[in-house]
Amino acid sequence: MTRRLECTLSTPMAVIGKDILHAAELLRANHLVAIPTETVYGLAANALDSKAVLKIYEAKGRPQFNPLIVHVKSAHEMKKYADVPPLVERLAAKFSPGPLTYVVRKKKIIPDIVTAGGESVALRVPAHPMARQLLEELDFPLAAPSANPSGTISPVSAAHVADGLGDKLEYILDGGVSTLGLESTVVAIEDDTILILRLGATTPEMLAPFAGVKIQTHTATGTGSPGRLKSHYAPKTRLVAGDIRTLLEVHRAERVAVLILWDLPRAPNIVAAEVLSAKRDLTEAAHNLFSAMRRLDSVGADIILAERMPEEGFGFAINDRLERASAT
Ligand code: TXA
Ligand code: MG
């Protein structure tokens, strides 16, 4: 009797599978589905339906002032949902499908809840083949933030999604480990300049040939583009980032876990370590970052010491994530 009661009360866990048609069916019925993308997994719902979108905020525990990215099937489709300036068209010809998100003026068809009441909507064409097939099946775009509880580390596998949100959704479309492993770069256009609102998997160097590039520094309050919230992407274990040898010296009395690019230091108080790229490749480091942070978060160390990356290529975005993981 007691057993049966426990069974009835326990929340069902999401099914993990590769059935794109089933995912499409659930989305048409206004359910949430976690979807694979080349950057990180997304928690998706019909972007044109306010009730479906509201479920995303509830499942993630996401503040409703933080707007969502709308995933569309092609660069051409963006025009259905927003005014697309010429510079965005040029960028999209080069970077979409891919890890670049454009903040553009929304059309009426996009509900206010998607943009947190704002006039601009963030649009992206994902490159993952399963995400693209899914969008082809649907006659609406997908609003999808990263599929993790608000403020925690983004998921790069179906198992990560199940870990954080497994009891909050029905289906996780399994597309393997995200190849890039770092969220898209979010840009807005200001006076023909590309303003980077969030550093990500399209680097400032890649954007520079198209126009002047400015990087907006994030704020503690998170108004405007709340993705700039200072504390974000955070493990449960305290994390500090900086020069690894200095950090080891400062924290020599604690049980430390270290996250480094390639050159593993030695110290008796290191209880776990993750090398992001033995060949010092920042693209590989980005791919490994979130999984490595999760593993270090589970070893029971007093603190995670993270090495700051060189300021080039993916190094900017990795340092941004480390900085926010360390903010409290
Ligand atoms: O790679 C990605 O971008 C992943 C995958 C699933 O596409 N998505 C993702 O979503 O990282 P999310 O919600 O975790 O981050 C979206 C970022 C946030 O920083 C948010 O504030 C910003 O984009 N954003 C969304 N809509 C915006 C808007 N209308 N204006 C300014 N910033 C916006
Ligand atoms: Mg996120």
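The values are calculated or read from the model by the stated rules, or taken from the named source; none is laboratory data. As the structure is a computational prediction, the values presented were derived from the model and not from experiment. Glycine gets a Cβ as well: all are built from the backbone with ideal geometry, and neighbour counts include every protein chain shown. Heads up: the accessible areas ignore ligands, DNA and RNA and are worked out on the full protein's heavy atoms, side chains in. Shrake-Rupley method; radii C 1.70, N 1.55, O 1.52, S 1.80 Å.
Within the stretch 187-204, the set of residues being near ligand 1 (Cβ under 8 Å from one of its atoms) and surrounded by fewer than 24 Cβ atoms within 10 Å (Cβ to Cβ) comprises Ala188, Leu197, Arg198. Restricting the stretch 245-264 to residues that are assigned to a helix (DSSP H, G or I) and either of a type in the set (A, V, I, L, M, F, W, C) or under 25 Å from the mean Cα position of the chain (by Cα) (or both) leaves a set whose member that is nearest to Met309 (Cα to Cα) is Leu247. Residues in the stretch 230-244 that are part of a loop (DSSP other than H, G, I, E, B) and β-branched (Val, Ile, Thr): Thr237 only. Name the residue that is least open to solvent (accessible area, probe 1.4 Å), counting only residues in the stretch 265-315 that are more than 30 Å from Leu207 (Cα to Cα) and in a helix (DSSP H, G or I). Result: Leu296. Within the stretch 143-154, is even one residue assigned by TED's automatic domain parsing to the domain that holds Asp49, more than 15 Å from ligand 2 (Cβ to nearest atom) and either modelled with pLDDT of 95 or more or out of contact with any Pro (no Cβ under 8 Å at 6 or more places or on another chain) (or both)? Among the residues of the stretch 143-154, not one is assigned by TED's automatic domain parsing to the domain that holds Asp49, more than 15 Å from ligand 2 (Cβ to nearest atom) and either modelled with pLDDT of 95 or more or out of contact with any Pro (no Cβ under 8 Å at 6 or more places or on another chain) (or both), which makes the answer no. Here Gly222, Gly227 are screened, and the one residue that is modelled with pLDDT under 95, within 12 Å of ligand 1 (Cβ to nearest atom) and not in a loop (DSSP other than H, G, I, E, B) is Gly227.
Condition check ((1) farther than 22 Å from His251 by Cα; (2) modelled with pLDDT under 95; (3) out of contact with any Leu (no Cβ under 9 Å at 6 or more places or on another chain); (4) not assigned by TED's automatic domain parsing to the domain that holds Val161) across all residues:
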residue: Ile270; (1), (2), (3), (4): no, no, no, yes
residue: Ala273; (1), (2), (3), (4): no, no, no, yes
residue: Arg280; (1), (2), (3), (4): yes, no, no, yes
residue: Thr283; (1), (2), (3), (4): yes, no, no, yes
residue: Ala286; (1), (2), (3), (4): yes, no, no, yes
residue: Ala301; (1), (2), (3), (4): no, no, yes, yes
residue: Glu307; (1), (2), (3), (4): no, no, no, yes
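Residue count for the stretch 96-119 satisfying the condition of being outside any loop (DSSP other than H, G, I, E, B) and buried (at least 18 other Cβ atoms within 10 Å of the Cβ): 9.
Taken together, Ala75, Ala52, Ala44 contain a single residue that is open to solvent by less than 60 Å² (accessible area, probe 1.4 Å), in a loop (DSSP other than H, G, I, E, B) and small (Gly, Ala, Ser), which is Ala75. For the stretch 149-170, a residue qualifies if it is among the polar types (S, T, N, Q) and open to solvent by less than 10 Å² (accessible area, probe 1.4 Å), and exactly one does: Ser154. If you go through the stretch 129-143 one residue at a time, do you hit one that is in a loop (DSSP other than H, G, I, E, B), open to solvent by 10 Å² or more (accessible area, probe 1.4 Å) and within 11 Å of ligand 1 (Cβ to nearest atom)? Checked the stretch 129-143: no residue is in a loop (DSSP other than H, G, I, E, B), open to solvent by 10 Å² or more (accessible area, probe 1.4 Å) and within 11 Å of ligand 1 (Cβ to nearest atom). With respect to the conditions (1) free of Cβ contacts under 8 Å to residues at least 60 places away in the same chain; (2) under 16 Å from the mean Cα position of the chain (by Cα), Glu311 falls short on a single one, namely (2).
Taking the stated definitions as given, is Val70 within 16 Å of ligand 2 (Cβ to nearest atom), open to solvent by less than 20 Å² (accessible area, probe 1.4 Å), in contact with a Phe, Trp or Tyr (Cβ under 7 Å, 6 or more places away or on another chain) and closer than 17 Å to Leu197 by Cα? In short, yes.
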